[in-house]
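The values are calculated or read from the model by the stated rules, or taken from the named source; none is laboratory data. Please read these numbers as outputs of a predicted model, since none were measured by experiment. Cβ: placed from backbone, ideal geometry, glycine included. Neighbour counts: every protein chain shown.
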Amino acid sequence: MLQHVVVGDVVPALLVLSLRGPLCAFVVPAPLGRAVAAVPPVAAIGLWAASLAAWHVPSVYDAAAAHAVLHDAEHASFFVAGMLVWSQLLDPLRRGRLGPWASLGFALALLTAGQILGNTLVLTDTLLYPAYAHPEHPLAWLSPRTDQDLAGIAMMVEQALVLGAYAAWRLRGSLRAAPAPGLASGRHPLAS
């Protein structure tokens with residue numbers, strides 16, 4: 001799970017953050033930039049959530065774990081979906097499609113979708129991925145349920161940290177731009 005959250009969330013966030021502004025025009029081919037910019041926010045969230053949900057269906061997950069080509073496709077879909085949502089959140093082309101509060105709502109929608117899967121992994125009494133129960137599995141020293149619980153917790157903590165940091169950054173900029181009540185007139189808000 002740590003590999004998946006890094007490939008699908010952390011790396012796309014850092015890549016998009018590093019390519020904001022004029023640098024994006026030099027690194028990203030114009031047709032690709034236009035194609036990413038044309039993806040509506042709701043479609044980006046939908047693709048991200050669908051990728052996350054589809055690859056965590058137990059039979060699909062086990063197939064990806066057993067076949068390198070499927071595992072590579074899984075990682076590619078996590079990465080592409082991550083690039084799409086972080087392009088919406090960080091707006092590297094400065095389109096201004098999402099304002100500060102809409103981007104916070106977008107981040108909350110991502111957090112909610114991810115938390116549903118994380119909670120499912122942690123709260124279910126069923127072992128969802130039987131492949132982890134085999135004694136030759138690299139993490140065989142963990143019980144399969146503990147492994148599943150840790151995967152769900154890793155997903156929830158990573159998303160809370162990354163999206164929480166984004167929200168703090170976004171709120172900091174929004175709150176700094178807005179004058180405090182009563183200060184616009186030069187009066188302190190607690191003064192009578």
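Residue check, Gln159 against (1) out of contact with any Phe, Trp or Tyr (no Cβ under 9 Å at 6 or more places or on another chain); (2) surrounded by fewer than 20 Cβ atoms within 10 Å (Cβ to Cβ), all met but one. Which one?
(2)
Got a number for residues in segment 76-89 being under 11 Å from Leu19 (Cβ atoms) and either among the aliphatic types (A, V, I, L, M) or outside any helix (DSSP H, G or I) (or both)? Full working, then the answer.
Initially, segment 76-89 is screened for residues under 11 Å from Leu19 (Cβ atoms), giving 83, 86-87.
Within this subset, residues satisfying the condition of being either among the aliphatic types (A, V, I, L, M) or outside any helix (DSSP H, G or I) (or both) are 83.
Of the residues in segment 76-89, 1 are under 11 Å from Leu19 (Cβ atoms) and either among the aliphatic types (A, V, I, L, M) or outside any helix (DSSP H, G or I) (or both).
I need the full set of residues from segment 47-73 which are acidic (Asp, Glu) and without any contact (Cβ under 8 Å) to a residue 40 or more places away in the chain, in order please. Don't jump to the end; show me each part of the working.
Taking segment 47-73 first, the residues acidic (Asp, Glu) are 62, 72.
Matches in segment 47-73: Asp72 only.
Can you pull out the residues in segment 109-142 that are part of a loop (DSSP other than H, G, I, E, B) and at pLDDT 80 or above?
Step one: of segment 109-142, the residues part of a loop (DSSP other than H, G, I, E, B) are 124-129, 134-142.
Once the filter is applied, which keeps residues that are part of a loop (DSSP other than H, G, I, E, B) and at pLDDT 80 or above, segment 109-142 yields Thr124, Asp125, Thr126, Leu127, Leu128, Tyr129.
Please find, among Pro92, Pro12, Pro31, the residue that is at pLDDT below 90, exposed (fewer than 12 other Cβ atoms within 10 Å of the Cβ) and not hydrophobic (A, V, I, L, M, F, W, C).
Pro31
Residue by residue through segment 3-51, note down the ones that are of a type in the set (Phe, Trp, Tyr) and over 21 Å from Tyr166 (Cβ atoms). Show your work before the answer.
Taking segment 3-51 as the starting set, the residues that turn out to be of a type in the set (Phe, Trp, Tyr) are 26, 48.
Within segment 3-51, just Phe26 meets the criteria.
Looking only at segment 90-107, which residues are touching a residue at least 24 places away in the same chain (Cβ under 8 Å), in contact with a Leu (Cβ under 9 Å, 6 or more places away or on another chain) and part of a helix (DSSP H, G or I)? If you could, list the steps in order and put the result at the bottom.
Here is the first cut: in segment 90-107, the residues touching a residue at least 24 places away in the same chain (Cβ under 8 Å) are 90-95, 97-98, 100-104, 106-107.
Right, trim to in contact with a Leu (Cβ under 9 Å, 6 or more places away or on another chain) and you get 90-92, 98, 100, 103-104, 106-107.
Residues satisfying the conditions are Leu90, Pro100, Ser103, Leu104, Phe106, Ala107.
Being at pLDDT below 85, on the phi < 0 side of the Ramachandran plot and not in a helix (DSSP H, G or I): is that true of Ala180 here? Show your work before the answer.
Values: at pLDDT below 85: yes; on the phi < 0 side of the Ramachandran plot: yes; not in a helix (DSSP H, G or I): yes.
In short, yes.
Do any residues in segment 14-38 that are part of a helix (DSSP H, G or I) have Cβ atoms under 6 Å from those of residues that are surrounded by 10 or more Cβ atoms within 10 Å (Cβ to Cβ) and of a type in the set (Ser, Thr, Tyr), where the two are at least six apart or on different chains, and which pairs are they?
That search, which allows pairs on different chains as well, returns Val16/Ser87; Val36/Ser87.
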